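Reviewing the structure listed below.
The values are calculated or read from the model by the stated rules, or taken from the named source; none is laboratory data. For clarity, every value in this text was computed on a predicted model and none was experimentally measured. Don't worry about glycine lacking a Cβ; one is built from the backbone with ideal geometry, like all the others, and counts go over all protein chains shown. Remember, those area values only see protein heavy atoms, side chains included, never the ligands or the DNA or RNA. Shrake-Rupley method; radii C 1.70, N 1.55, O 1.52, S 1.80 Å.
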Amino acid sequence: MIETVDTEAGTARVTWHHAPEPRLVLAVSHGAGGGIEARDLQALAAALPAHGVSVALVEQPWRVAGRKVAPAPKTLDTGWRGLWPALTRPGLPVISGGRSAGARVACRTAAELGARAVLALSFPLHPPGKPEKSRADELLGAGVPTLVVQGGNDPFGRPGEFPEGGFELVEVPFGDHSFAVPKRAPVTQEAALRTVTDAVTRWAASLG
C-alpha cells in the first residue's frame, strides 16, 4: 500500500508492507544518494512482515519531488517529524530507522518523537577519509535502544571505528556502504543481506 503524506518539507511517500499479525512498525528511510530501492531496505521489507513487523519504506519529500540532492539535515528532520503521525496510526510501537543520512535523522529525532528504538543501517560515522569529523554524538544521543548494522568495509565508518556506547553493532563482513560485497569475497551477496535481515529480525523480537 502506498500512502502520500504532506509535511512542512513537502509531500512524502510511504510504501507499506504489512505484517499479517503486526506487533511493531519498522519505519525506514533512504540515504542522501538513493531511494527505497536500496538492497537492504527491500530485503527487510520482504523478510520482516512474517515475523510480526510491518515495514514502512519512507521516501523523503526531496526524493518524491524528483530532486537529486538531499536538503540540509534540519529539513530532513522536518520531513520525518511530519510523517510520524502516519507511522504511528496503526497504534503500534514504531522503530525509527534509516540508512546513512536516514539513520542520522532517526537518531536525532527518536527521543523527541517517542520511537521505541532506532535501526541505523550504514550509519555515516564520518565523511570518507575524514575520521576527525565524527558524528558519534548523534548516534550516542538517540536515547532509545539502537541497533547499528555496518559494512566491514564501509568508508563512512568501519565497525572498529565506532565508540563504546549504549548501542548494539552488527558487522556485515566485506560489505561497503551499500552492503555490496566484492565478487571475490568469501561470502555471497545473498548471505550478506541475510546477515542484515537476521540481525534485525532477532533484535526486533527482543523489543517485545
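Selection of segment 20-40 for residues being of a type in the set (Gly, Ala, Ser) and in a loop (DSSP other than H, G, I, E, B) yields 31, 32, 33, 34, 35, 38.
For segment 184-207, does any single residue satisfy the condition of being at positive phi and modelled with pLDDT of 95 or more? No; the residues of segment 184-207 include none that is at positive phi and modelled with pLDDT of 95 or more. For segment 162-172, which positions are at pLDDT 95 or above and open to solvent by 50 Å² or more (accessible area, probe 1.4 Å)? Matches in segment 162-172: 168, 169, 171.
Assess whether residue 97 counts as being at positive phi and outside any helix (DSSP H, G or I). Walk me through how you get there before you give the answer.
Details: at positive phi: no; outside any helix (DSSP H, G or I): yes.
So residue 97 fails the test.
Could you list all residues from segment 131-186 that are part of a loop (DSSP other than H, G, I, E, B) and in contact with a helix residue (DSSP H, G or I) (Cβ under 6 Å, 6 or more places away or on another chain)? Walk me through how you get there before you give the answer.
First pass over segment 131-186, keeping only residues part of a loop (DSSP other than H, G, I, E, B): 131-135, 141-145, 152-158, 162-167, 173-186.
Selection gives 142, 143, 144, 163, 165, 175, 179, 181.
The conditions are (1) surrounded by fewer than 22 Cβ atoms within 10 Å (Cβ to Cβ); (2) farther than 21 Å from residue 139 by Cα; (3) in contact with a Lys or Arg (Cβ under 7 Å, 6 or more places away or on another chain), and residue 39 fails exactly one of them. Which is it? Failed condition: (3).
Scan segment 145-161 residue by residue and report those that are open to solvent by 30 Å² or more (accessible area, probe 1.4 Å) and not basic (Lys, Arg).
First, the residues of segment 145-161 that are open to solvent by 30 Å² or more (accessible area, probe 1.4 Å): 145, 153, 155-156, 158, 160-161.
Matches in segment 145-161: 145, 153, 155, 156, 160, 161.
Summed over segment 88-110, residues that are open to solvent by 40 Å² or more (accessible area, probe 1.4 Å) and closer than 14 Å to residue 75 by Cα total 2.
Among the residues of segment 47-76, those that are surrounded by 14 or more Cβ atoms within 10 Å (Cβ to Cβ), small (Gly, Ala, Ser) and in a loop (DSSP other than H, G, I, E, B) comprise 52, 70. The set of residues in segment 8-20 that are open to solvent by 10 Å² or more (accessible area, probe 1.4 Å) and at pLDDT below 95 comprises 8, 9, 10, 11, 13.
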